[in-house]
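**Student:** Handing you this structure, nothing more for now.
The values are calculated or read from the model by the stated rules, or taken from the named source; none is laboratory data. In this text the structure is predicted, and so the values were computed from the model without any measurement. Counting neighbours? That spans all protein chains shown, and the Cβs are built from the backbone with ideal geometry, glycine included. In case anyone asks, the SASA skips ligands and DNA or RNA and just uses the protein heavy atoms, side chains included. Shrake-Rupley method; radii C 1.70, N 1.55, O 1.52, S 1.80 Å.
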Amino acid sequence: VVPELSPHRDELRAAARAEPLGLYIHIPFCVDRCTYCSFVTTRDDSLKPAVLERLVREIRAWGEALDHPALDTLYLGGGTPSVLERGELETLTTAVRDAFDLRVLEEATLEANPGTLDSDWLFAARELGWDRISLGVQTLDDDLLERLGRIHTSTQALESLEEAAGAGFARISADLMVGIPGQDLQGVLEDAQRLAELGIEHLSVYLLDLDKACPLKAQVEAGRLSLPSEEEVAETYEALQGELPRLGLHPYEISNFAAPGQESIHNTRYWERRPYLGLGPSAASQLGRWRWNESGVLGAWAQGRGSAEIQELSPGEQLAEVPLLALRMHRGLDWRELRERASRMGLLALVEAWEHQLTPFLREGLLVRDGDRLRLTTRGMLLSNAVFQLFV
Ligand code: SF4
């Protein structure tokens, strides 16, 4: 990507100087493939040396191309970053430290699978400066974990939470999933409650997404498994919105809950449309008016052959992303600020047209307006795609 974007290097450098960036690194390896997974990842670790070597080269090349910009967030996701050996994690971390300016770094998150963790690895990660960990718990029901093809049990997930805290991770997040075939939806509430009582400060609750081909989707389509109804899923989501704040976890985004001050700074940058660089197969970047996705073809990416999809966003496209992303957040969107920004860009007519088109959603109770702030209601969050269509 660096050579393809090099004619715009000055512009990209200026964007990277204007404010600190977030850096996402994708680790495309897992011990086994979950039955619902459509991420770019593989069990074949024969590709690991080539992928890590290319990642280090990319980290250096981008540091150089952007004149060693400051990072305020760092995120190692996947796949399963916790399959990295300690030495491999150190190599990547050192490469980032050498290529970027980390003096204003506020958060460094690792994603981890409870089936891959041990205390030594967690202590080593803390020593390297990683200070937040996001654990893929998904459910505390062992039968459902097996159905999802997860490699861990609920006991292992709970032990991992304890081990992470013991290793000095003060910021721990867990993922839960809603809508698994056969899931007792009361169980989701109980899982969330159990995790909150264990003291986690952040919870992400995702709806099971079977849009893309995967073994679980095939089983559902063949009638061997059935999904909970939309009404049941909606009820669970509403119950979580009511229950989690009582346990100290407040909703701050459609799928995310946190104790005050424990919101994910890295993920919030996506919703605030702040710039980020993504390295690794399938990773997405956005800097200035440019957006690009690395190739998702793993073997080709590892050998530097996969071509990236580069897109130049028009001023109208950039503006439309502001409400589209801000409305995902609980605090919503400052409509006056949007108007002022549009006016500076000569695009006020666009915002006025949206204002008109949003009126039915306000009437139907999917949106509420509170002074200058526009927010989705809980029902609006469940039906958010209808609202978001306006800005696409
Ligand atoms: S751990 Fe995550 S990335 Fe890996 S196979 Fe499972 S869902 Fe996919």
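**Student:** So, of the residues in segment 68-80 that are modelled with pLDDT of 95 or more and not in a strand (DSSP E or B), which turns out to be farthest from Ala14 (Cα to Cα)? Walk me through how you get there before you give the answer.
**Tutor:** Within segment 68-80, the first condition is being modelled with pLDDT of 95 or more, and the residues that meet it are 68-77, 80.
Next cut, not in a strand (DSSP E or B) only: 68-69, 80.
Values: His68: 12, Pro69: 10, Thr80: 33 Å.
The selected residue is Thr80.
**Student:** Residues in segment 45-63: is at least one within 13 Å of the ligand (Cβ to nearest atom), within 24 Å of Leu287 (Cβ to Cβ), open to solvent by 30 Å² or more (accessible area, probe 1.4 Å) and of a type outside the set (D, E, K, R)?
**Tutor:** There is no residue in segment 45-63 that is within 13 Å of the ligand (Cβ to nearest atom), within 24 Å of Leu287 (Cβ to Cβ), open to solvent by 30 Å² or more (accessible area, probe 1.4 Å) and of a type outside the set (D, E, K, R).
**Student:** For segment 375-387, what are the residues that are surrounded by 16 or more Cβ atoms within 10 Å (Cβ to Cβ), among the hydrophobic types (A, V, I, L, M, F, W, C) and in a helix (DSSP H, G or I)?
**Tutor:** Met381, Leu382, Val387
**Student:** Which one is nearest to Gly280 (Cα to Cα) among residues in segment 14-38 that are open to solvent by 50 Å² or more (accessible area, probe 1.4 Å) and not in a loop (DSSP other than H, G, I, E, B)?
**Tutor:** As a first pass, look at segment 14-38 and keep what is open to solvent by 50 Å² or more (accessible area, probe 1.4 Å): 17-19, 31-33, 38.
From what is left, the residues that are not in a loop (DSSP other than H, G, I, E, B) are 17-18.
Values: Arg17: 23, Ala18: 24 Å.
So the residue we want is Arg17.
**Student:** Now for a different question. Scan segment 279-322 for residues that are in a loop (DSSP other than H, G, I, E, B), closer than 23 Å to Ala65 by Cα and open to solvent by 30 Å² or more (accessible area, probe 1.4 Å) and jot them down.
**Tutor:** Initial filter on segment 279-322 (in a loop (DSSP other than H, G, I, E, B)): 280-283, 288-289, 294-297, 303-308, 313-314.
Of the ones still in play, those that are also closer than 23 Å to Ala65 by Cα are 280-283, 288-289, 294-296, 303-308, 313.
Answer for segment 279-322, where residues must be in a loop (DSSP other than H, G, I, E, B), closer than 23 Å to Ala65 by Cα and open to solvent by 30 Å² or more (accessible area, probe 1.4 Å): Ser282, Gly288, Arg289, Gly296, Gln303, Gly304, Arg305, Ser307.
**Student:** Filter segment 340-374 down to the residues that are among the charged types (D, E, K, R) and crowded, with 16+ Cβ neighbours inside 10 Å and list them by number. Even if it seems obvious, please write down each step before you answer.
**Tutor:** Our first condition is that a residue be among the charged types (D, E, K, R); within segment 340-374, this holds for 340-341, 344, 352, 355, 363-364, 369-370, 372-373.
Arg341, the sole residue that qualifies.
**Student:** I would also like to ask the following. Would you please name the residue that is farthest from the ligand (Cβ to nearest atom), looking only at residues in segment 153-178 that are more than 24 Å from Glu127 (Cα to Cα) and open to solvent by less than 10 Å² (accessible area, probe 1.4 Å)?
**Tutor:** Selected residue: Val178.
**Student:** Write out, first by first residue and then by second, each pair whose Cβ atoms fall under 6 Å of each other, whose residues are 6+ apart or on separate chains, and whose first residue, in segment 32-44, is on the phi < 0 side of the Ramachandran plot and β-branched (Val, Ile, Thr) while the second is open to solvent by 60 Å² or more (accessible area, probe 1.4 Å) and more than 9 Å from the ligand (Cβ to nearest atom).
**Tutor:** So the pair list comes out as Thr35/Pro215.
**Student:** Please go through segment 81-97 and pick out each residue that is within 16 Å of the ligand (Cβ to nearest atom) and either in contact with a helix residue (DSSP H, G or I) (Cβ under 6 Å, 6 or more places away or on another chain) or part of a strand (DSSP E or B) (or both).
**Tutor:** Ser82, Val83 - these are the residues of segment 81-97 that are within 16 Å of the ligand (Cβ to nearest atom) and either in contact with a helix residue (DSSP H, G or I) (Cβ under 6 Å, 6 or more places away or on another chain) or part of a strand (DSSP E or B) (or both).
**Student:** Take residues that are farther than 22 Å from Ser255 by Cα and tell me which of the helices (runs of 4 or more DSSP H) falling wholly in segment 122-216 contain 1 or more.
**Tutor:** Once the helices (runs of 4 or more DSSP H) in segment 122-216 are filtered for at least 1 residues that are farther than 22 Å from Ser255 by Cα, what remains is 142-147, 154-166.
**Student:** Oh, and also: Do the conditions hold for His8, that is, is it within 13 Å of the ligand (Cβ to nearest atom) and either in contact with a strand residue (DSSP E or B) (Cβ under 7 Å, 6 or more places away or on another chain) or part of a strand (DSSP E or B) (or both)? First the steps, then the outcome.
**Tutor:** Details: within 13 Å of the ligand (Cβ to nearest atom): no; either in contact with a strand residue (DSSP E or B) (Cβ under 7 Å, 6 or more places away or on another chain) or part of a strand (DSSP E or B) (or both): yes.
When the stated conditions are applied, His8 does not pass them.
**Student:** Which ones in segment 122-147 are within 16 Å of the ligand (Cβ to nearest atom) and crowded, with 19+ Cβ neighbours inside 10 Å?
**Tutor:** First, the residues of segment 122-147 that are within 16 Å of the ligand (Cβ to nearest atom): 133-139, 144-147.
Passing the criteria: Ile133, Ser134, Leu135, Gly136, Val137, Gln138, Thr139, Leu144, Leu145, Arg147.
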